[in-house]
Structures are given as C-alpha cells and as structure tokens.
Amino acid sequence: MEVDSKNLIPDIRYLNDMREVVYDKEWLKTAGNSELYYMYRGIEEKDGIRYDITIIPPVMLGAEFVKTKGHYHVQGHQEIYTVLDGETIYLMQKADSNHPENIEDVYAVKARKGDTIIIPRFYGHTTTNPSATKELKMANWVSTQCRSDYSLYEKMQGACYYYLAAADGGASWLKNKNYKNVPPLRFEKPLKSVPENLDFLKEK
C-alpha cells in the first residue's frame, strides 16, 4: 500500500530526542535541535494491525549516518518493514534479558526499494539511511498493541554498533564500547515481498 504523506501530520524526531544515542559527542556540543525524521503513524488500521510510514532525509549526525533512535518491543511483538524509496540498513540486536549490556546476537540487513524485513521477537532495532543524497521512505506493519521501549538504547548510548562515515568516502562499523559483550556483526538478506498473512504480528 502506497500513501501520499503530504496531507498527513507526522510525529517528528528531533536531535534533542536522540542525543543519548548519537556517537559523535563532540559534534553534539554545537549541534542545534534540528528535525531528523518523520513518522506518520496509524495511516491505516485493520484487524489489530497498524500501517505507518517513516521518512528519513539524508543528513549526518556528525561522523555518523542518520538513524532512528532504536527500541525494543515490550511484549516481543514482531514487525515488518518495506522500503518504499531509497536504501537502508536495519540493525537488529538481541540482549540478555538479565544483563542487557551483553548482546546474544546482532545482524544487519541492507535493503533497497521493494525489499522487506521482519523484526524477530525480542530483538531491538534501528534503521539507518546510509545515503548522503537520497531520502529514505519506508512502511511498517505492526500490532496496534505493540509498545516500544527506548530505555536500553538510551542507557547504552545507542545500538551495539555505530555506522560511521570513513575518510575515504566509504563507511565502517564501530562497536559500541558501552556494551560488555558484542558478537561479530553478520549480514542477512532481505525478503522480496511482504507475507500475505500478517496475523503473526499480533502474537506475543
């Protein structure tokens, strides 16, 4: 489902909402409270499933590519994302329930327009726009009962890996030293279509 977001009012994520999770603390000292990304929530709801759209412009957080704040789902709901335009990197991490500074599993999925990914149960996740020029637009389907918990990302100052711009124009992954144990990062491939039956999104 494609929706024209021009006539909708978004929730806006500002830099001041993100300061705890940004890698480049030196850059933050002089950075103003700019708009980072836009969340159009509840565009449609049907049978307990909500459809949202998020738009992330191509900006930099100092040395770091712009990203979402990152959160876990309180009751372990799954979630589906599909890229509508641009490209992205989804970073998923599973923490030890008793010691969240220890990560049991972490992986990234690079996705382009038309690609889909599923957030597994009890995995926290962030979304990065790795482009310096192109806007990222993505949709998600999630249970209307799903609740997000940002506190662990705030406490640990971000995900267990940061995605940073390199001096040669490329990019690199840097492990977040606030975590005690972090596995090596692996990469998985996206799905090419959205599952026909979304009822599993309502399962806890």
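Can you give me the number of residues within the stretch 54-91 that are in a strand (DSSP E or B), farther than 22 Å from Tyr23 by Cβ and in contact with a Ser or Thr (Cβ under 9 Å, 6 or more places away or on another chain)? Steps first, answer last, please.
So in the stretch 54-91, the residues in a strand (DSSP E or B) come out as 54-56, 60-61, 64-65, 67, 71-73, 79-85, 87-91.
Adding the requirement that they be farther than 22 Å from Tyr23 by Cβ leaves 55, 73, 79-85.
Cutting the leftovers down to in contact with a Ser or Thr (Cβ under 9 Å, 6 or more places away or on another chain) gives us 55, 73, 79-83.
The qualifying residues number 7.
Name the residue that is modelled with the lowest pLDDT, counting only residues in the stretch 1-42 that are loosely packed, with under 11 Cβ neighbours inside 10 Å and part of a helix (DSSP H, G or I).
Top of the filtered list is Lys6.
Answer yes if at least one residue in the stretch 167-175 is more than 20 Å from Asp17 (Cβ to Cβ) and touching a Pro at 6+ places or on another chain (Cβ under 8 Å), and no otherwise.
Of the stretch 167-175, the ones more than 20 Å from Asp17 (Cβ to Cβ) are 167-175.
Restricting the remaining residues to those that are touching a Pro at 6+ places or on another chain (Cβ under 8 Å) gives 171.
Looking for residues that are more than 20 Å from Asp17 (Cβ to Cβ) and touching a Pro at 6+ places or on another chain (Cβ under 8 Å), one finds at least one in the stretch 167-175, hence yes.
Of the residues that make up the stretch 76-92, is at least one loosely packed, with under 14 Cβ neighbours inside 10 Å and under 20 Å from Tyr153 (Cβ atoms)?
So in the stretch 76-92, the residues loosely packed, with under 14 Cβ neighbours inside 10 Å come out as 76.
Of the ones still in play, those that are also under 20 Å from Tyr153 (Cβ atoms) are 76.
For the stretch 76-92, residues loosely packed, with under 14 Cβ neighbours inside 10 Å and under 20 Å from Tyr153 (Cβ atoms): present.
The values are calculated or read from the model by the stated rules, or taken from the named source; none is laboratory data. Every value quoted in this text rests on a predicted model; they were computed, and no experiment measured them. Don't worry about glycine lacking a Cβ; one is built from the backbone with ideal geometry, like all the others, and counts go over all protein chains shown.
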